[in-house]
Amino acid sequence: MVKRLMILTLVVVLMASVVGCAKPAEPPADTGDASAPKFDGELLLGVMVPVTGSEATYGKDMENAIKIAVEEINAAGGLLGKEVKLTLGDDGCDPQMGSAAASKLVSAEVKAVLGGYCSGATIPTLKIYGDAKVPFVIIAANSTKIIEENPGWAFMINSPGYHQANAAADCHEKLGTTKLALVHQGDGFSEDLATLTKKEWESRGKQVVGFDVVNKGEQDFSSLVTKIKSSGAEGVYWTAYHADGALLIKQLRQGGFTGNIVVADGSSSVQLLEIAGQAGEGVYCTSPPVVDFLPAAKEFISKYTAAYNQQPGPYSGLAYDGTHLLADAIKRAGSTDPDAIRSALEDTKDFKTLSGTITFTPEKVLEKSNFISIKGVGGKWVLAE
């Protein structure tokens, strides 16, 4: 009996020594939010917008909206099980900077690109993306020269120039204009739109009494104001961007021009009205689908203002829509193969967005116009009646 007790005591001591020498168990790793998606790698998309230069406000607005859409996509599981990441190429609204930005994004091996604000900076990038087989969803740029020079990899979700020329002619007709003066800046967007509007206006039996080009950054429009007044113009259509357009509007009114003034979508920023001041009252704009006037955009506006402490700009809705469109195409493609993504984009039909539905023509532009008419009232844009 004593022998058994001694053996049992020895076993207990040995077991205690083994336990005492064992490595303490490590606490479980902190896995964070258990409901957060688990990703298998990353999927890189490029963003090409101007974040420097005179149009940087528009470009940053577009980038912000794209980021909001990407956050939603990642929260829903990402794309093809991968987390979507973004890399920026600043085109500066300049052709040379645009080419450099496109080359940078191609070198980064992005799977597709979102962006394109200024047509002049966008057009030179079409061949770069085409040669590299990189699908490109163009958010704002809408010169018809994009259609002419597109090698097949770019898709425009802002209505093309001929849609806007028609909207401009409709607007001036409703205002009672019969004699029209057109002013552009000689770039790929504004000259193309002025030419298209001239053709559309004259096809309606109306008269174009002025077709003038001014330099970007010009400060003194006095000679042009005199010329427009002498021409007998009843209306002016400014087809370029807001910074210079606001100065022209001020000087037209200060010079005694009392006719109708309409500006193109490149001047749809509220900054045009801020710079123009009282002269901006009653100015009309052929505008992209601004989120302020889209019932479906309330949640997006709330997210944008919460994230950036400012109101979304005129191209934020299209930037958000374009990001979700591209995500949908990648999902339908089932891979990041460029040909598969391009094919999926081509096959897009009645894709619902904040701005309406998207269906592409064989030219890879919107089947239906998305332009609206807005008016400057009290320093803000409101829907025109």
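What are the pairs, 6+ residues apart or on separate chains, where a residue within the range 335-347 that is without any contact (Cβ under 8 Å) to a residue 24 or more places away in the chain has its Cβ under 6 Å from a residue that is aliphatic (A, V, I, L, M)? Listed pairs, sorted by first residue: 340/333; 344/329; 344/333.
Restricted to the range 41-128, the set of helices (runs of 4 or more DSSP H) holding at least 3 residues that are of a type outside the set (Gly, Ala, Ser), farther than 20 Å from residue 337 by Cβ and assigned by TED's automatic domain parsing to the domain that holds residue 340 comprises 56-75, 95-107.
Applying a threshold of 7 Å to beta carbon distances and a minimum spacing of six or more residues, or different chains, the list of pairs starting in the range 76-93 at a residue that is closer than 18 Å to residue 324 by Cα and ending at one that is among the charged types (D, E, K, R) and part of a strand (DSSP E or B) reads 82/42; 83/42; 85/42. Of the residues making up the range 55-84, those that are small (Gly, Ala, Ser) and over 18 Å from residue 139 (Cβ atoms) are 75, 76, 77, 78, 81. Residue 319 versus (1) in contact with a Phe, Trp or Tyr (Cβ under 7 Å, 6 or more places away or on another chain); (2) within 20 Å of residue 50 (Cβ to Cβ): which is the lone unmet condition? Residue 319 satisfies every listed condition except (1). Taking the criterion of being in contact with a Ser or Thr (Cβ under 8 Å, 6 or more places away or on another chain) and at pLDDT below 95, would at least one residue in the range 321-329 satisfy it? So far as the range 321-329 goes, no, none of its residues is in contact with a Ser or Thr (Cβ under 8 Å, 6 or more places away or on another chain) and at pLDDT below 95.
Taking the stated definitions as given, is residue 187 part of a loop (DSSP other than H, G, I, E, B), under 27 Å from residue 313 (Cα atoms) and touching a residue at least 40 places away in the same chain (Cβ under 8 Å)? It is true that residue 187 is part of a loop (DSSP other than H, G, I, E, B), under 27 Å from residue 313 (Cα atoms) and touching a residue at least 40 places away in the same chain (Cβ under 8 Å). Among the residues of the range 333-384, the ones that are of a type in the set (Gly, Ala, Ser), over 19 Å from the mean Cα position of the chain (by Cα) and part of a loop (DSSP other than H, G, I, E, B) come to 5 in all.
The values are calculated or read from the model by the stated rules, or taken from the named source; none is laboratory data. Just so it is clear, the model here is predicted, and its values are computed rather than measured. All Cβ positions, glycine included, derive from the backbone under ideal geometry; neighbour counts span all protein chains shown.
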